[in-house]
Each structure stands twice: as structure tokens, then as C-alpha cells.
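S.K.: Shown below is the structure under consideration.
We did not get these values from a lab; they are worked out from the coordinates using the rules stated. On a predicted model such as this, the values are computed, not experimentally measured, just so you know. FYI the Cβ positions are ideal-geometry reconstructions off the backbone, even for glycines, and counts take in every protein chain you see.
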Amino acid sequence: MLSGLSVFSPVGLWALIALAIPVLIHLFNRSRGRLVRIGHIDLIRQARRLRVTEVKLAQWLLLLLRLGIFTLAALVLAGLARPGLQSSESTTAYVSPAWLRAVPPAKVDELLGRHERVLVLQPESAPLSKDLLNEIRQIPPQTSTIRNIWPLLADRLSLEHHGGAVDVYAVDLLAQFGSSRPALPTAVNWNLAQPLSAADSQQLPGSAVVAFDMERKQDAEFFRAALSSLKAHRIPDLTWEMVDSQDITPQQLNSDWLIHLSANALTAEQLDLINTPTTVLMDATGEPPKGGLQYVTLPFYPFSNFRISGQSQGQNDAQDIVKTTDGTAVLQEQTFGSTRILRFNSRFNPQWSSVTQQAEFPELLLHLMLSDKQQNLAFNDARIRLSQLRQADADQVTDIPLPRRSLQSLLMFLLVLLWVTERWLSERKQHEVR
Amino acid sequence: MERFIDPRTLARVKDLPLIAKTVADGFLHGLQQSHQRGVGIEFSQYRQYEPGDPLSRIDWKLFARSDRYFVREAERESEISMWFVLDASASMNLTSESQPDSWSKFEYARHLLATLSYIGQKQGDHVGMLALSSERQQLFPPASGERHWHRLLQQLARLESGHTFPDARAIKATIERLQKNSLVFIISDFYQISNELHEFITQVSAGHTEVVALQLQCDDELQFPYKGAIRFEDLETGEQVLVSAGTARETWLKALEKHQQQLRRFLRRQRITLTTININQPMDQALYDFLISRQKAQR
């Protein structure tokens, strides 16, 4: 059993050198009782004689206690741990409750036939029988109950060392995986079910075009980064193209999103060419205004300063979405048929505003570009792809410590216990000598 | 030379008489205070004047006749000798551990002896001393006079304690000297290995003597303040006993009480009173009490 113990930081074991201290104390302090000369030994002769071993016993006990204290202290420093749970070589399946509800009963039977152990991904899960699995299926699903299974899975895998293969059954909703996914210590086979109809997912935008003037290539790069972030976390099917605003084709004008970063606004002819539902985002044309920065509160942007273009006053037929405190429109929305046009009366350029440089920019972009229905899809029903799930390959696993459980609290308890006992015994001895 | 005289103690007790009780018919006639009254009643002899003799004792008539100084020596009212028997065995080296600067029993005994002998000397009695250990017996024969007393003090300063108390048979001759008309003070801790001290006392008190027993004890013996594992070592035999002192205290106190009872019983049989002195208490008080109690017992 002891062989399984390991330490987090072996350097701490150097503290074991301190074991020499109590040993030295013992060696220097060794005595067989204090010597007292008296006139007449007969008077003491009737008293019960102490055997030498009795005197030494207390000293040895003190030595052992002190050795124990120093050993425990060294082990606390070294971070002694015992191995995590060790499962047999059997294969294990982890099932998310959402998967159980999404798949037909036959799938559950098949699952039970294939794996020796089936555990539901919820805190303190124990291996489940078919009956229990079916019981869980009967619990009516609530939209908010789709749980992020990743931390549960990471906890479980770091606690238990799996001898056999590990299969995870989940639905492909992004909500099950969360945005932060630490590396898993064990390689996992993912089995993702798709519970919702394919039609729903098609409502999410699939293509985006960023059209930009060549001198604004830097600004376009911010959009490329934001789009790739959205692809990873919100819209797995998103694709995009980066084009020179001079070379934009009619087909590109008809993509789901059109981000237009140019000194020249889209022409009326170009707008006429758009015949599919398209959301166009464009920023101000012209030179930056002479005036100072203006303070505006945007969603996700509690503190932002913008330079507002003086040309924005002309768009009176547009709906103002965001205004500055003195009533100047910052963001306006216009609708031409199925085309939404968003005008940003500043620029996505560091000289005008810091919008693109902030971490929340992808989220803001999504917020602006999606309709309410689309937003629901993007946030609640966003899908994940198997390729996006990091597989725990051999390279990644090397850095992750093997599953083990720290014994710090137990060691600390023993340390305090030994220390109190040592103090008691030591004080008692001191008291007696006086 | 007079380091054994503590001025404070002396100031307190110097005017108290050392009184010998009548222990035998016609043997001791009350107080031996002849010197303080001047010369003796019955003329004994003339002797040559020696420096130090009081001028009042010079026989001026004889000086007129012979042109030489003679001193009248009187027959003592009570011809007794004061013997101070000092136990010089190793157990007398005991010092109270709780009061490290205090005297050992032996040191205390020397002071006690010096003071008592001073009183005796001042009364005009013959004072002698006997220091006993198995290794050597130092006998300082009794005589009177201040110079004699000073010599006694010198002798006292040279004394050393060690070994055990001697066997009574080995010092038979010495004991016989004590048995003649004497007041014998025995200053000891009254610890003995076999029965040697009792035998000694029995033999001494068998003669024409009054024996006074002065037992020296110390705080450590009376209170037994030790705790923890202690190795007790006998000062005389070197024997060691390892005990847990906390639990041994009761046994010790009982054993000491029993020892004292036996000692008192033994001494009572010999018609000897026992005075116990704690060496960690001031000596002037102890001596004062001792002398007063003797005075009371006399009346």
C-alpha cells in the first residue's frame, strides 16, 4: 500500500535531514535520572524502585514523537499523496443526462451492452444500472439543466486512474462543454449525439466577408481574429473571406455577414445587388474629426471613448441604437428589404476607438450581427464539432500528474496531534525536574 | 581562626549558661559557674602566672613574699569536662540542595561546636572535642582557658569529614576517656549503617556522663522536594537507588518518621534528650531555644 504513495515536490524530502535534531537532543540529553546525594539510603529503600527502562521509556517516547513530528513536517512540505482511485481494466462510459434524454431507448440498451461500467456525468456519480439510467431519462428536461460536463469529466479523470478505455456520451450542444476546457489526463472517445433538427442550425450564419481598403488591413485583422473566436466558441460552421473592397463580387455581397471597412460607403448599386438576408456592418468614411473623445456606453463596453464622425448627422431615416450623452448617434440601423445595415459612426480603428482591441469584441460583434432568434440559437443551441474537442494525446498527458489524492489534511492533523503530545510530555518532564 | 563564631549567634547566646543536669548523686553540683564568681572555694594549687590570666587572680600576698607572680587555682566546684563529639562521617557532608549557599551539616556542626564550646570555656569549664570517623579519631583533650579554646578552634578548622562512623569496639580507649565525669554533646545526623552510633552512645552514657544529643537535619530531608526520576546516592556507602521521586515522597517521609521514633525511643532508654536542629534555620534561634530548654529542664 505504501508503495503507491508519491510526493508532489520531492525537494521537500530534504527536510528529513532535520530528523538529526531530535536524535542529537536525545544523545546529549540522555541521563538515567538526576543524581541526588543523601545521608541515609535506607530511608528511600522502601520506595518503589524505578527500573532504568521506565526512565528511558519517556525519553524514547519523546524521541519518537519528535522524529514523527519532523517526518510529518517533511512529508507535508513534500506533499505526500496516495494514488487516485484505480479502476479495473474494464471500459467505462460517461453519459451526460442530456444525451440520455436525446437518444432513443435502443441506444441506451446498446450502451449498456457495450460497456462494463456506465456512469452519469454528475457530481458523485456511481456506476448505474439500466433501470436507473431509464429513471434519469424520465426526468423532464429543462432548458437550463444542460450542464457543462467538462469540469465534471476533468475532476473524475484526475481522481480515477482508468485502466480501460473511456467513452463519453454527450450531445453536441456547446453548452455541454463550456468555453474553458483544461486538458484531460486520459484519452477519451467522444460520442456526440445531435438532438435537434438540422434545420435549426442552418439559421445560424454560415459565411462572412470582410471587405477592406488596403490601408485598413490592420483593422480587418481584428475582424479575422474575432470571427475565428466566434467559430471556436459560438458558430462552428462559420466561414469567412477577406477581400479588397475594390474587388468585391456580387456573390460576396450576398454572404450572411458583410463587414465593410472602407473610405467609401457601399454604393446604391452594390446595395441593390444584395438579394439574400444580409447584415452589413460599416463604419464611418472620411477623416477623423478634430474634436476630442466622446464617452459612450455600449453593451459589454462599460468604458469606451469614441471619436464620432461629423458626417453621421445626415442619416436621419436610420434608427439610432446607441447615442452619446449629447444625442449624437454612434450606431444606427437601417433596413432595406431583407438587408440590415449597421452604421458605426466611428471607425474600427485604434485611432478612432478601442473597440476592436478589447477582449469582448467578438461577443459584441455577435450581439450586433445576429437577430434575436439567431442569438438564441447561437447561445443555447450552438453545436460543437468533434474536431474541436481536444483529444488527450500522449504529448499533452505528460505534463499532467497522474491521478492522486493529497494527504495534506491527514498529515497536518497527525502533526498537530504529535506536537501537542510532545509538548505535554516535555512540559511534564521539565516540571518534574524542577 | 574564629571563623566558626558567628557574631550574631554569639551576641544572642553568650550570656546563657550551659547547664549540666545532675545525672548521678553527688556527681554534679548544680551549675558550673565557678569562674564567673571569681576564684574557686577550695584552694587547689598555685601556678605561675601566664600572660592572658586575669590580674585579679594573681595572689598579691605571695607576690610580696616571693616577688613572683602566682595564680591561685581553685578546685572546681564541679569537676566536669565538656566533651563535644562531632560525627565526622561522610553523611555529615549533606547540603540542602534547595539552598545551595547554605552550610553543610558538618559546617553547621563546626559552628555549633565553636559557639557551645565558647560558652563552656567562658564558664570556666574544661572543653574537649572528639571528631569521629572510621578513618581517624581526633581527640582534643579537655582543658580550660581561652587559649585552649583557641587551639580547639584551630583544631576544628582542620577537621575533615569522610568515611563512616567508627565501630565502638575500635575506639574503646577513647570512649573510656569520655566516661569520666563529663557532659557529652553528640553532634550528628544520627544516621548509622549498622548499629555503631547506638553502641557508641550506649557505651558513653554508661559512664558518669550526661549525654546531650544534637541532631542536624536539613530542609531537603524534611520536605523531600524532589520530583521526576532521581538517582539517590548514599554519601557514605555510595549505594544508588533510582526512584520516581514524586511517588517516593510519602515513603521517604514515613521512613524518616519511623527512624526518628526509633532514635527517640533508643535515646529515652538511655535517658538522653534529643534536640533536633534544622540547619536551614538560623543558628542563633536554634541555639537559643536549645539553651533555654536546658535551663528549664534544670529547674
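S.K.: Any of B:105/B:296; B:105/B:254; A:130/A:231; A:217/A:323; B:180/B:296 with alpha carbons more than 30 Å apart? Name them for me.
M.R.: Checking Cα-Cα distances, A:130/A:231 exceed 30 Å.
S.K.: Let me ask you something else. How large is the translational diffusion coefficient of segment B:149-299 in µm² per second when you combine the Kirkwood radius over alpha carbon pairs with Stokes-Einstein at 25 °C and 0.890 mPa s?
M.R.: Diffusion coefficient, whole number: 139 µm²/s.
S.K.: Give me log10 I(q)/I(0) at q = 0.13, 0.15, 0.21 Å⁻¹ for segment B:222-287, Debye formula, one equal scatterer per alpha-carbon, no solvent.
M.R.: Scattering profile of segment B:222-287, log10 relative to I(0): -0.55, -0.71, -1.04.
S.K.: Based only on other Cβ atoms within 10 Å, what is the fewest-to-most ordering of A:71, B:9, A:324?
M.R.: With the sparsest Cβ surroundings first, the list reads A:324, A:71, B:9.
S.K.: While we're on this one: Do any GluC sites (Glu not before Pro) in segment B:66-145 lie in a loop, going by DSSP, with at most 16 other beta-carbon atoms within 10 Å of their beta carbon, and if so which?
M.R.: Those that pass, being in a loop and sparsely packed, are B:79, B:97, B:135.
S.K.: Quick one: if you stick a label point 7 Å off each Cα along the C-beta vector at residue A:239 and residue B:276, how many nm between them?
M.R.: Those two pseudo-labels are separated by 11.6 nm.
S.K.: To continue, here is another question. Farthest toward the dipole's positive end in segment B:82-154, which of B:139, B:115, B:90, given Cβ charges of +1 (Lys, Arg) and -1 (Asp, Glu) about the Cα centre?
M.R.: Looking along the dipole axis, the top candidate is B:139.
S.K.: So what are the ³J(HN,Hα) numbers for segment A:127-135, from phi and the Karplus equation (6.51, -1.76, 1.60; θ = phi - 60°), rounded to whole Hz, Gly and Pro as x?
M.R.: Residue by residue, segment A:127-135 yields x, 10, 8, 4, 4, 5, 4, 5, 5 Hz.
S.K.: Sticking with this one: R0 = 30 Å: FRET efficiency of residue A:408 with residue A:180, Cβ-based, nearest 0.05?
M.R.: Here the calculated transfer efficiency is 0.70.
S.K.: Give a quick list of GluC sites (Glu not before Pro) in segment B:221-265 that DSSP marks as loop, anything other than H, G, I, E or B, with at most 16 other Cβ atoms within 10 Å.
M.R.: B:239
S.K.: So for B:290, A:344, B:63, fewest C-beta neighbours within 10 Å to most, what's the order?
M.R.: Exposure proxy ranking, most exposed first: B:63, B:290, A:344.
S.K.: Find, among the trypsin sites (Lys or Arg not before Pro) in segment B:146-214, those assigned to loop by DSSP (not H, G, I, E, B) with at most 14 other beta-carbon atoms within 10 angstrom.
M.R.: In loop regions of segment B:146-214 (DSSP not H, G, I, E or B), the sparsely surrounded trypsin sites (Lys or Arg not before Pro) are B:180.
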